[in-house]
Amino acid sequence: MADKEHLAVLKRGIDAWNQWRRENPNLEPDLSEANLRGADLSRADLRRVNLIKVDLNVANLRGANLSEANLLEANLCLSNLIKVNLYQANLCKAKLRSANLYKANLIEANLSGANLIETNLYKSDLCKAKLRSANLYKANLSRVNLSKTDLCGCYLGRANLSGARACFLASEIPRWSPLKKGDERVWLPPFLSYPLGKSSRNSDRD
């Protein structure tokens, strides 16, 4: 359950919250199970915050810093997570259906068992992330960095991996995972590298 004092500070606004975080650098706030549905938390300092089972459905978290935050079973459906920092965040069993994670930093994040159906991950960085048993049905993984990503047991039906920047040599991919390249179905056997879309050289231009 969320700490009432911590929640009260957040409700005073992002500027007040970020100032409070600067004044209390060693404190790890507890906002677990809080109802933050539709909240504007853009550019909020949410590093190492306890956000277990928090409701952030349709919330605006654009540019927020959620590195090392605990988002276990959090509801982030339809949320704006553009350019959010989720480095080493715990997103196990989180609900991210139709969320926008454009250019998000998900390096070493744990998304095991997460619901990523129709999620936009375009140009996000999932290097060394864990996606075990995650559901990525119809997810947009175009131009995503999947280097050393653990995809074991995840579902990739109709996912778009066109222009993915990483080869899959160092990634764990379930045997005969259904992937999508453009309008074609692509089947990748485990631990093999396949070029998808443009080469890394071309994809770095944007």
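Can you tally the net charge around LEU76? Count Lys and Arg as +1, Asp and Glu as -1, for every other residue whose Cβ sits under 12 Å from the Cβ of LEU76.
Computed value for this residue: +3.
Expressed as a whole number of Å, what is the distance separating the alpha-carbon centroids of region 105-148 and region 59-86?
13 Å
If amide H atoms are built 1.01 Å from N in the plane of the peptide, which residues on other chains or at least 5 residues away come under 5 Å of the amide H of ALA159?
Close amide H contacts, sequence-distant or interchain: LYS138, ALA139, LYS180.
Using label points projected 7 Å from each Cα along Cα→Cβ, tell me how many nm separate ASP40 and ALA16, to one decimal.
So the two model labels end up 1.5 nm from each other.
Report the relative contact order of region 33-95, percent, no decimals, based on alpha-carbon pairs under 8 angstrom and at least 6 residues apart.
After rounding, I find 32 percent.
We did not get these values from a lab; they are worked out from the coordinates using the rules stated. Computed from a prediction, not measured in an experiment: that's the story for all the values here. Virtual Cβ from ideal backbone geometry, glycine too; neighbours counted across all protein chains shown.
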